[in-house]
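**Q** Before we start, here is the structure in question, set down as structure tokens.
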Amino acid sequence: MSTTSTTSSTVSTPRNESYGAFVKRQFRKKKLGVLSVYFIGFLVFIAVFSDFLANEKPIIASRNGSLIFPVIKQYAVSLGWTSWDKETAMADWKTLQYDWAIFPPVAYSPETTDKNIFMLQDRKPSGQHFLGTDDIGRDVMAGIIHGSRYALAIGLVAMSIALTIGIILGLLAGFYGGKIDIAISRLIEIVITFPTFFLIITIVAMVQQGSIWLIMGLIGFTNWTSIARFVRGEVLRVRGLDFITAATALGYSQPRVIFRHVLPNAIAPVLVSAAFGIAGAILTESALSFLGFGVPPTVVTWGSVLFRARSSTASWWLAVYPGMMIFLTVSAYNLIGDALRDATDPRLRN
């Protein structure tokens, strides 16, 4: 008797759990997906604290008997809260005289050039430059650390734009149907026909001075179509369910029905598409920078470090290390997308 009741309670718990709890439980079963989440979290940590990990300025130092915090001051300057005084702005931080100073693990900024490097032999990985330098003496490890900011920002900003456009148009097409659905569906088909990568190259080539924001915007404005189709299909499925009919019969406004009842039940497949989209955005920016159509030369990204490898074929480290970071990051997002796709499959709940 006791065995039967125990088995019954064990079986009933998963059936009574919420959909969110079900997705979390299924996702935890995908070990590679969970490891990928930890890897992306590690990248986020590096991106947030990159100035404390790679910088020519000391984190904290004592000069003429007073404490200074150059890295924290750098954050404040970048946010517009304050500014460097003229003497400090022109200073060479590595040659200043300190009572004592604590430098980051990599004592170079991504834009800093090592003036003591003259030959290819000097640019190889060493104790001074852990991953070597490029052809003008910039530290590769510093570039990879700071480049993580741009890699994550490009994926998140570009997909935020794509998600906003795709969700709105998909909701309108799926919920209202009729002429609105036809018009949006035709717009999706037109945008899909454009060769996205070559379209981005054409637009970037026409702009005299490109920017990282231009790349993000172009990737976002050309990658919303798959999201819109996902949302449209899910909304068409959800809007005919009983609880939507009940909400309409109770006199709820259409915006409330759409955003409080329809969208939350149609958003799960979009998360899967977003994970794959972030990986695609990072890969697109890296390819553009590798071809010389990406960010300005003063901005250091993983793709721009790869670009330097083209002019110095003997410098294998310029291709291996940034290429490895691109591969690992894109693979992590793809694995997260695969895990989410399996975790959100309602058939597994049965």
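The values are calculated or read from the model by the stated rules, or taken from the named source; none is laboratory data. Small disclaimer: the values here were computed from a predicted structure and weren't measured. When we count neighbours, we look across all protein chains shown, and the Cβ atoms used for this are built from the backbone with ideal geometry, even at glycine.
**Q** Can you go through ALA158, ALA246, ALA142 and tell me which one is of a type outside the set (Val, Ile, Thr), part of a helix (DSSP H, G or I) and over 20 Å from GLY303 (Cβ atoms)?
**A** ALA246
**Q** Next question. Which one of the conditions (1) of a type outside the set (D, E, K, R); (2) assigned to a helix (DSSP H, G or I); (3) free of Cβ contacts under 8 Å to residues at least 60 places away in the same chain does VAL305 fail to meet, given that it meets all the rest?
**A** Single failed check for VAL305: (3).
**Q** Sticking with this structure for a sec: Inspect all residues belonging to the range 162-178 and state whether any of them is touching a Leu at 6+ places or on another chain (Cβ under 6 Å) and at negative phi.
**A** yes
Conditions (1) out of contact with any helix residue (DSSP H, G or I) (no Cβ under 9 Å at 6 or more places or on another chain); (2) aliphatic (A, V, I, L, M); (3) buried (at least 18 other Cβ atoms within 10 Å of the Cβ), marked per residue:
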{"residue": "PHE27", "(1), (2), (3)": "no, no, no"}
{"residue": "LEU32", "(1), (2), (3)": "no, yes, no"}
{"residue": "LEU35", "(1), (2), (3)": "no, yes, no"}
{"residue": "VAL44", "(1), (2), (3)": "no, yes, no"}
{"residue": "PHE52", "(1), (2), (3)": "no, no, no"}
{"residue": "ASN55", "(1), (2), (3)": "no, no, yes"}
{"residue": "PRO58", "(1), (2), (3)": "no, no, yes"}
{"residue": "SER62", "(1), (2), (3)": "yes, no, no"}
{"residue": "PHE69", "(1), (2), (3)": "yes, no, no"}
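**Q** On to the next question. I need the full set of residues from the range 258-270 which are more than 19 Å from SER226 (Cβ to Cβ) and either of a type in the set (Phe, Trp, Tyr) or in contact (Cβ under 8 Å) with a residue 24 or more places away in the chain (or both), in order please.
**A** Listed by number, the residues that qualify are ILE258, PHE259, VAL262, ASN265.
**Q** Do we have THR298 as farther than 26 Å from PHE221 by Cβ, out of contact with any helix residue (DSSP H, G or I) (no Cβ under 6 Å at 6 or more places or on another chain) and outside any helix (DSSP H, G or I) here?
**A** The answer is no for THR298.
**Q** Of the residues that sit in the range 142-186 and are more than 27 Å from the chain's Cα centre (by Cα) and either outside the structural domain of PHE327 (by TED's automatic domain parsing) or of a type in the set (A, V, I, L, M) (or both), which one is surrounded by the most Cβ atoms within 10 Å (Cβ to Cβ)?
**A** ALA173
**Q** Listed residues ILE203, ILE219, ILE227; which is assigned to a helix (DSSP H, G or I), in the same structural domain as ALA266 (by TED's automatic domain parsing) and either among the charged types (D, E, K, R) or without any contact (Cβ under 8 Å) to a residue 24 or more places away in the chain (or both)?
**A** ILE203
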